[in-house]
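A.B. asks: Here it is, the structure in full.
Where a number appears in this text, it was derived from the coordinates with a stated rule and is not lab data. Note that this is a predicted model, so its numbers are computed, not measured. A quick note on method: Cβ atoms are made from the backbone with ideal geometry, for glycine too, and the neighbour counts reach across all protein chains shown.
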C-alpha cells in the first residue's frame, strides 16, 4: 500500500511501500523528540523568562518556507499596511521582496542540505534574530517545524507565539500524517498519540490564525486556543484587462506536489477533450512531480493540449489569458492561487476542500466539483466554457467576493484586531 495521500499512479508502489515502512518509525521518533524539545523550551521560557508587554509599534518575526513571491506578498502586504508594525524579520526559505521595514535571514539555501541540517540552521538563525530584534511576536507558518520553532523562540524571549494554520486542520489531525510536510507524511498512518501531543502543543500558543471558517470551527471545537482569528492571505484585484481571445481554457497554478493532485486535473482535461477537442490548458508551477505529470499527460493523450509552464513570475498576466481556474487539491487552507484567479475575474472550478467554501459558491463564483469524477466535472466545465455570458458573470462575482474578503486593507484590519485582543489579554493578566 502506498503512503497516505500519495497518488499511486505517479509512483512505484512497491518502492513506496518499502520506503514508508523504513521511514515511518524514524519519523515518529524524530517527531516525538522535536515535540519534547519544544515542550522543554516552552516550559522553561514560561518559568524563567518574563513575558514582555506589547509595544505600541510592534516588531514581528515570521518563520516559514515561502514557496513563491505571491505567497510571501500575500502575508507581508497586510502586516505592512497596518501602521503599528515597526519591523518584520523573515526567517526561513524562499524568495525575497524589496520592501521597507522587512529583513530576510537564511532564505534559499546556497547548497542542498539535509532536513536536519536545515532545521538546525533555521533554529540557530531564529534564536540569533530574536535576541537582536527583541520581537513582540513570532509567527510560525505550519506546525512542523516552523510553529514549533516559533513557540520555543517566543517563550525564551518573552514574546507572543502565533501559529499560522495555513494548511488547515490536516496539519494536526492524526499527527499531521496527511499534511504536505515531508516528515509528517512519512508517518504512514494516523497516530492518536501524536495527534493528542500536537493538540497540546497548539494550545501553548498565545493565538492561532486560520484561513477560513471551517478551520475556525475546528479550533473552537477542540478548544485549541483562547484567542484565534480568521485571517486569509491578501490579494489585490489584477490591473491587467482580460484577453478578449484567451490562450487557455483552463489554468492551474501551484506546486507540483502530491497534495495538489494535479493528476486529477489532467484526468479532467482528458475527459474534457472528448467533448471539446480543441481544449487548451496551462499548468503553472514546479516541483518533484513535474516529470511524472508530463508522462501522465502523454499516457492520457493530452500532451499537445497541456502546457507545463514551470515556475513563473508573471502569473497575473497568465491568468487573464485564461477562461477559468482549475484546482484539484485533496487538502487546502484557502488557496492563494485561487484567490488571485478570482481577483483577476476568473471563475474557480474546485472541490469544497479546506476553507475554499468561504469564497467558492457553486454557480455564483465558480463551480464546485468532485475532482475524482472526471467525466461529470468535464461535462460541467464544457457547459461553462460554451457559455461566455455565464462565465463572465461568475468571474465578476468571484472578483467582488475577493475584493470584500481578501483586500490588503481588510486583512490588515483583521491583524490589527488580533493584536488588540492580545494587548487586552496582556492587560487583563497584569491586573490579576
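A.B. asks: Can you put 98, 73, 32 in order of Cβ neighbours within 10 angstrom, beginning with the fewest? Numbers along the way, then the final one.
C.D. replies: Values: 98 5, 73 21, 32 15.
In increasing order of surrounding Cβ atoms, one gets 98, 32, 73.
A.B. asks: For helix 13-48, report the angle its Cα long axis makes with the longest principal axis of the Cα atoms of the chain; keep it between 0 and 90° and round to the nearest 10°.
C.D. replies: Relative to the chain, helix 13-48 is tipped by roughly 30 degrees.
A.B. asks: For 163, 67, 141, which order do you get if you count the other beta carbons within 10 Å of each Cβ and list the fewest first? Working shown, then result.
C.D. replies: Values: 163 30, 67 19, 141 22.
So the residues, fewest neighbours to most, are 67, 141, 163.
A.B. asks: What's the extension gain from residue 96 to residue 303 if we count 0.36 nm per residue and subtract their Cα-Cα distance?
C.D. replies: On the way: separation 207, 0.36 × 207 = 74.52 nm, distance 3.39 nm.
Additional length available on full extension: 71.1 nm.
A.B. asks: Here is a follow-up. Between the helical axis of 408-431 and the dominant principal axis of the chain, each derived from Cα atoms, what acute angle in degrees is found, rounded to the nearest 10?
C.D. replies: The helix 408-431 is inclined about 20 degrees to the chain.
A.B. asks: What residues from segment 51-85 fall in the zone where the backbone N is under 18 Å from a label point 7 Å along the Cα-to-C-beta line of residue 421?
C.D. replies: The answer is 54, 79, whose backbone nitrogens lie closer than 18 Å to the label point.
A.B. asks: For residue 362 and residue 69, compute 0.36 nm times the residue count separating them, minus their Cα-Cα distance, and round to one decimal in nm.
C.D. replies: Details: separation 293, 0.36 × 293 = 105.48 nm, distance 2.97 nm.
The residue 362-residue 69 span can extend by a further 102.5 nm.
A.B. asks: May I ask you to order 262-272, 173-183 by the average number of other C-beta atoms within 10 Å around their residues, highest value first? Can you show the working numbers first?
C.D. replies: Working: 262-272: 24.6, 173-183: 21.1.
The peptides rank, most packed first, as 262-272, 173-183.
A.B. asks: Further question: Just to be sure I follow: if Rg is taken over the C-alpha atoms of the chain and Rh is the Kirkwood radius over the same atoms, what is Rg/Rh?
C.D. replies: On the way: Rg = 21.8 Å, Rh = 22.5 Å.
Value, to two decimals: 0.97.
A.B. asks: List, largest first, the extents of the alpha carbons of segment 37-84 along their principal axes, each in whole Å.
C.D. replies: Principal extents (largest minus smallest coordinate, Cα): 39, 29, 8 Å.
A.B. asks: What area, in nm² and to one decimal, does the C-alpha convex hull of segment 140-285 cast on average over all directions?
C.D. replies: On the way: hull surface 48.0 nm².
Directional mean of the projected Cα hull area for segment 140-285 stands at 12.0 nm².
A.B. asks: Helix-derived [θ] at 222 nm for the chain: sum -39500 (n - 2.57) over DSSP H runs of at least 4, divide by residue count, nearest 500? If you can, show how the numbers build up before the last one.
C.D. replies: Working: 14 runs with 193 residues, N = 432.
About -14500 deg cm²/dmol.
A.B. asks: Once the Cβ-Cβ distance between residue 400 and residue 132 is put in as r, and R0 is 35 Å, what FRET efficiency do you end up with, to the nearest 0.05? Could you put the intermediate results ahead of the total?
C.D. replies: Numbers: r = 44 Å, r/R0 = 1.25.
The value I calculate is 0.20.
A.B. asks: Return a whole-number percent for the relative contact order of segment 248-406, with Cα pairs under 8 Å and 6 or more residues apart as the contact set.
C.D. replies: Details: 291 pairs, mean separation 40.0, N = 159.
Answer for segment 248-406 is 25 percent.
A.B. asks: Using a basic spin-label model with each label point 7 Å from the Cα along Cα→Cβ, how many nm lie between residue 32 and residue 379?
C.D. replies: With each label point 7 Å from Cα toward Cβ, the separation is 5.2 nm.
A.B. asks: Could you tell me what % of all Cα pairs in segment 131-192 have separations over 13 Å?
C.D. replies: Working: 1150 of 1891 pairs.
In whole percent, the share of Cα-Cα pairs in segment 131-192 beyond 13 Å is 61.
A.B. asks: Hey, another quick one. Which of 406, 330 comes first, and how do the rest follow, when ranked by fewest Cβ neighbours within 10 Å? Walk me through the intermediate numbers first.
C.D. replies: Details: 406 26, 330 19.
Fewest-to-most Cβ neighbours within 10 Å comes out as 330, 406.
A.B. asks: Under the classification rounded if a/c is under 1.5, otherwise prolate if a/b is larger than b/c and oblate if not, where does segment 366-425 fall, given a ≥ b ≥ c as square roots of the Cα gyration tensor eigenvalues?
C.D. replies: Numbers: a/c = 7.64, a/b = 2.38, b/c = 3.21.
Verdict is oblate for segment 366-425.
A.B. asks: Sorted by average packing, counted as other Cβ atoms within 10 angstrom per residue and highest first, what order do 224-236, 115-127 take?
C.D. replies: Numbers: 224-236: 21.1, 115-127: 15.6.
So the order, starting with the most tightly packed, is 224-236, 115-127.
A.B. asks: Relative to the longest principal Cα axis of the chain, at what angle does helix 192-202 sit, 0 to 90 degrees, rounded to 10?
C.D. replies: Relative to the chain, helix 192-202 is tipped by roughly 60 degrees.
A.B. asks: Rounded to whole Å and sorted largest first, what semi-axes of the equivalent ellipsoid does the C-alpha gyration tensor of segment 248-406 yield via the square root of 5 times each eigenvalue?
C.D. replies: Listed largest to smallest, the semi-axes of segment 248-406 are 22, 17, 14 Å.
A.B. asks: Same structure, new question: Per the Kirkwood treatment, what hydrodynamic radius in Å, one decimal, follows for segment 221-337 from the mean inverse distance over all distinct Cα pairs?
C.D. replies: On the way: mean 1/r = 0.0639 Å⁻¹.
After inverting the mean inverse Cα-Cα distance, the result is 15.7 Å.
A.B. asks: Please compute the modelled spin-label separation between residue 196 and residue 237, points set 7 Å along Cα→Cβ, answer in nm with one decimal.
C.D. replies: A separation of 5.2 nm, rounded to one decimal place.
A.B. asks: Modelled label-to-label distance, residue 314 and residue 117, 7 Å Cα→beta-carbon offset: nm?
C.D. replies: Distance between the two pseudo-spin positions: 3.7 nm.
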